[in-house]
Structure formats: C-alpha cells, structure tokens
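Enquirer: For reference, the structure I am asking about is given below.
The values are calculated or read from the model by the stated rules, or taken from the named source; none is laboratory data. Remember, it's a predicted structure, so these values are computed and weren't measured experimentally. Using ideal geometry, Cβ is built from the backbone for each residue, glycine included, and neighbour counts are taken over all protein chains shown.
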Amino acid sequence: MAASPSRLEETVADCQERTKMSAERLVKTFGFVPDETLTWSPSETARSSLAIVAHCILANRRIATAIRGESVSSMPTAEEVEAASRQFEETITDRAEAVRQLRASCAEVVDAIGTMTPERLATSPDSPFSAYPMRFWMNLPDMHMGNHASQIDYLQTIWGDLADRW
C-alpha cells in the first residue's frame, strides 16, 4: 500500500530525525572512549570503537545508495561486504576524522531519505543478505547506528567505565 503524500512526508521526517539522533548518540558515546582504547578490542574478530564508527560510515553510504534506488552493477556477497568493511575500517585512524566522516555519511543518508517518492517506497531493494522493503531501509540507519553505539557502551564497561550518558 502506497503512502499518501502527507503520510510519506511524515515518514520521511521521522526517519530523518531518528537517523540524526542515533548518529549524535554514537558520536557522544564515542566521545567518551579514551584515546588509548580507540583501537582496543576484546578479541581478534571483535571491532574496536574506532572500527565500529568506521563500519557505520561505510554502512550509511551503502544504505543511502539503496534508499536512492541506485542499482549496483554486481551485488557483493555477505562475505565480500564484511571484507570491504574491514578494509575500510583500517583507513580511519583518527577520532576527529571518524566523527567528521560519520556526520557526512549521516547527512548523505538523511538527504537520500528526503528524496523518497511513493513509487520508490513501494520497492524492496536488494542487498547481499536479502531484498528488504524500502521502509526497512529508511529505518536501518537509526537502528544500525543505535545498535553500534550500544556496542561501544559495552566496550566501555570492559575497561571500567560504568557511567550512563544519555
């Protein structure tokens, strides 16, 4: 069922606002990570706080592509997505650059959400994992960044930072 223009505008505005709020929560949480633990992780396969933010940057860019309805010439596999993410994470080595790029990627995805049309809303863009309804894609940046902010909160408890910062 297609959304009416006014309902679509409400949906767009809601998704944009929640995306911005999640990005700022991630930035705030990341801001409390001590410099000496930016690249620390509890295991070889676990992401560090810096890598988590880098992962969100790349994910936001990919999500924006799907929301804009842009097709990819060749759909990568889930394994290829993970490998590309890990490779990108290695390019982000500085907190300030991570925050700058996260905010830029958030702006990109917010702008993409703002281009939504009733026709595109009725689509289900493909991903390496499955095809998902556009409403899922529009809500994904909020959910994804919020979940990863919680991971950083958890990492902070490992080194003894138990403060809640909402």
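Enquirer: Could you please find all residues in segment 62-85 being closer than 21 Å to Thr39 by Cα, surrounded by 13 or more Cβ atoms within 10 Å (Cβ to Cβ) and without any contact (Cβ under 8 Å) to a residue 24 or more places away in the chain?
Expert: Glu82
Enquirer: If you check Leu155 against the conditions, is it touching a Pro at 6+ places or on another chain (Cβ under 8 Å), assigned to a helix (DSSP H, G or I) and at pLDDT 95 or above?
Expert: Yes.
Enquirer: One residue is enough: does segment 127-135 have a residue meeting the conditions in contact (Cβ under 8 Å) with a residue 24 or more places away in the chain and within 18 Å of Val53 (Cβ to Cβ)?
Expert: Checked segment 127-135: no residue is in contact (Cβ under 8 Å) with a residue 24 or more places away in the chain and within 18 Å of Val53 (Cβ to Cβ).
Enquirer: What number goes with the only condition from (1) in a loop (DSSP other than H, G, I, E, B); (2) surrounded by 13 or more Cβ atoms within 10 Å (Cβ to Cβ) that Ile113 does not pass?
Expert: Answer for Ile113: the failing condition is (1).
Enquirer: OK, next. Quickly run through segment 2-45 and pick out the residues that are among the polar types (S, T, N, Q), in a helix (DSSP H, G or I) and either in contact with a strand residue (DSSP E or B) (Cβ under 8 Å, 6 or more places away or on another chain) or closer than 17 Å to Glu89 by Cα (or both). If you could, list the steps in order and put the result at the bottom.
Expert: Narrowing segment 2-45 to residues among the polar types (S, T, N, Q): 4, 6, 11, 16, 19, 22, 29, 37, 39, 41, 43, 45.
Filter once more, keeping what is in a helix (DSSP H, G or I): 6, 11, 16, 19, 22, 29, 37.
Correct list: Thr37 only.
Enquirer: Still on this structure, please answer the following. When you check Ala163 against the structure, is it over 14 Å from Ala64 (Cβ atoms) and buried (at least 17 other Cβ atoms within 10 Å of the Cβ), yes or no?
Expert: The answer is no for Ala163.
Enquirer: Test each condition in (1) touching a residue at least 40 places away in the same chain (Cβ under 8 Å); (2) exposed (fewer than 11 other Cβ atoms within 10 Å of the Cβ); (3) among the polar types (S, T, N, Q) for Thr93 and report the one that comes out false.
Expert: Only one criterion is unmet by Thr93, namely (2).
Enquirer: Still on this structure, please answer the following. What residue, among those in segment 96-110 that are within 13 Å of the chain's Cα centre (by Cα) and farther than 16 Å from Glu17 by Cα, is surrounded by the fewest Cβ atoms within 10 Å (Cβ to Cβ)?
Expert: Only one residue fits best here, namely Val99.
Enquirer: Here is a follow-up. For Arg62, are the conditions met, namely being assigned to a helix (DSSP H, G or I) and more than 15 Å from Asn147 (Cβ to Cβ)? It would help to see each step written out before you state the result.
Expert: Details: assigned to a helix (DSSP H, G or I): yes; more than 15 Å from Asn147 (Cβ to Cβ): yes.
Judged against the criteria, Arg62 is a match.
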